Amino acid sequence: MSDLLGFPVTQHNGQAATLADLAPLAFAGYAHFTAMQVRGGQVRGLDLHLARLHAASLEMFGQALPDAVILDALRNAIRASAPDLSLVATVVSRAGEFVVADKRQPLDVLVRTSPPASGPAGPLSLAAFEHERMLPSVKHVGEVAKTYLLRQAVAQGHDDAAFVDRQGRLSEASIWNLAFWDGSAVVWPDAAMLTGTTLGVVQRQLEKMGVPQRRQAVTLDTLPGLAGAAVMNSWTPGIAVRRIGDTAMPDAPRLLALLHAAYQAEMPVSV
């Protein structure tokens with residue numbers, strides 16, 4: 001179903017979703033997804049989105065839908081919507097949750113579109129919480145801690161939440177990857193985390209641009225030695241971070257310029 005602007009569109013296996021399709025999913029919490037921004041029917045890092053869904057399905061369900069099936073579902077939703085949009089594709093097993101399933105249980109793909117988004121303007125202040133996601137490499141649903149800690153952060157006067165693992169290392173933020181700047185190189189946190197598709201796009205384009213980048217364990221104690229910080233997700237390749245926990249982060253216009261330039265260097269492809 002869609003309104004006059006083409007939003008929202010919700011499809012189940014490439015067809016308009018019915019109440020019967022959605023009712024079981026409304027109470028389910030065992031699934032994974034990817035989120036993307038579509039402009040003119042094109043997406044940056046489409047290969048990374050497909051790879052993410054494939055790997056997550058193997059991890060969670062022991063099987064994966066063919067890329068062709070995923071692409072057909074994406075195309076159908078885009079055709080039924082508007083040229084510019086936000087899109088979430090979720091893969092779920094009909095076995096549901098709290099049961100043992102096998103590879104004979106079919107997988108379904110649910111696609112929802114909504115108006116395009118570009119994220120907040122920033123700069124952002126991030127409260128730091130000790131938290132480690134279950135299956136950190138998978139973008140799965142049912143992440144109650146993300147919303148809970150986001151709201152706790154706002155209650156404390158911050159904009160969002162950043163996560164610190166049990167070893168004291170910063171990993172990621174609620175729905176963001178973290179990026180840091182040392183004055184000459186982009187520094188990626190060395191910790192278990194979800195590798196975002198935007199992060200993947202930016203990393204491979206920075207490499208092509210010859211921009212130095214490295215992984216490093218970043219702790220709250222080592223933050224003062226860095227020259228800036230940013231967050232990124234499917235909305236944007238870079239929003240400035242002005243504070244993490246008690247540490248004020250310096251402005252880093254060069255970092256933001258590099259992140260955005262790398263993202264723009266990635267040619268969008270038609271879905």
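The values are calculated or read from the model by the stated rules, or taken from the named source; none is laboratory data. This structure is a prediction, so every number in the text was calculated from the model and none was measured. Counting neighbours? That spans all protein chains shown, and the Cβs are built from the backbone with ideal geometry, glycine included. In case anyone asks, the SASA skips ligands and DNA or RNA and just uses the protein heavy atoms, side chains included. Shrake-Rupley method; radii C 1.70, N 1.55, O 1.52, S 1.80 Å.
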Report summary line: The number of residues in segment 190-208 that are surrounded by 18 or more Cβ atoms within 10 Å (Cβ to Cβ), under 16 Å from the mean Cα position of the chain (by Cα) and not polar (S, T, N, Q) is 7
**Report entry** Residue check, L258 surrounded by 16 or more Cβ atoms within 10 Å (Cβ to Cβ), touching a residue at least 40 places away in the same chain (Cβ under 8 Å) and part of a helix (DSSP H, G or I)
**Finding:** yes
Report task. Give me a count of the residues in segment 236-271 that are under 25 Å from P83 (Cβ atoms) and not aliphatic (A, V, I, L, M). Result -> 9
Report task. Output the residues belonging to segment 154-187 that are within 16 Å of the chain's Cα centre (by Cα) and assigned to a strand (DSSP E or B). Result -> D160, A161, A162, F163, S171, E172, A173, N177, L178, A179
Requested in this report: Kindly provide the set of residues from segment 129-146 that are closer than 16 Å to I175 by Cβ and either β-branched (V, I, T) or not in a loop (DSSP other than H, G, I, E, B) (or both), ordered by number.
Outcome: F129, V138, H140, V141, V144, A145, K146
Requested in this report: With respect to D102, determine if the residue is charged (D, E, K, R) and under 30 Å from I78 (Cβ atoms).
Outcome: no
Query raised in the report: Of the residues that make up segment 213-228, is at least one part of a strand (DSSP E or B), in contact with a Leu (Cβ under 6 Å, 6 or more places away or on another chain) and open to solvent by less than 10 Å² (accessible area, probe 1.4 Å)?
Result: yes
Report task. Enumerate the pairs (first residue in segment 122-137 and at positive phi and touching a residue at least 12 places away in the same chain (Cβ under 8 Å); second residue anywhere and of a type in the set (V, I, T) and assigned to a strand (DSSP E or B)) with beta-carbon separation below 6 Å, excluding pairs fewer than 6 apart on the same chain, so at least 6 apart or on different chains. Result -> G122/I239
Report task. Using the structure shown, decide if R242 is within 26 Å of A35 (Cβ to Cβ), open to solvent by 10 Å² or more (accessible area, probe 1.4 Å) and in contact (Cβ under 8 Å) with a residue 60 or more places away in the chain. Result -> yes
Query raised in the report: Out of curiosity, is L206 farther than 20 Å from H49 by Cβ, modelled with pLDDT of 95 or more and part of a helix (DSSP H, G or I)?
Result: no
**Report entry** Filter pass, A240 being closer than 14 Å to A173 by Cα and part of a strand (DSSP E or B)
**Finding:** yes
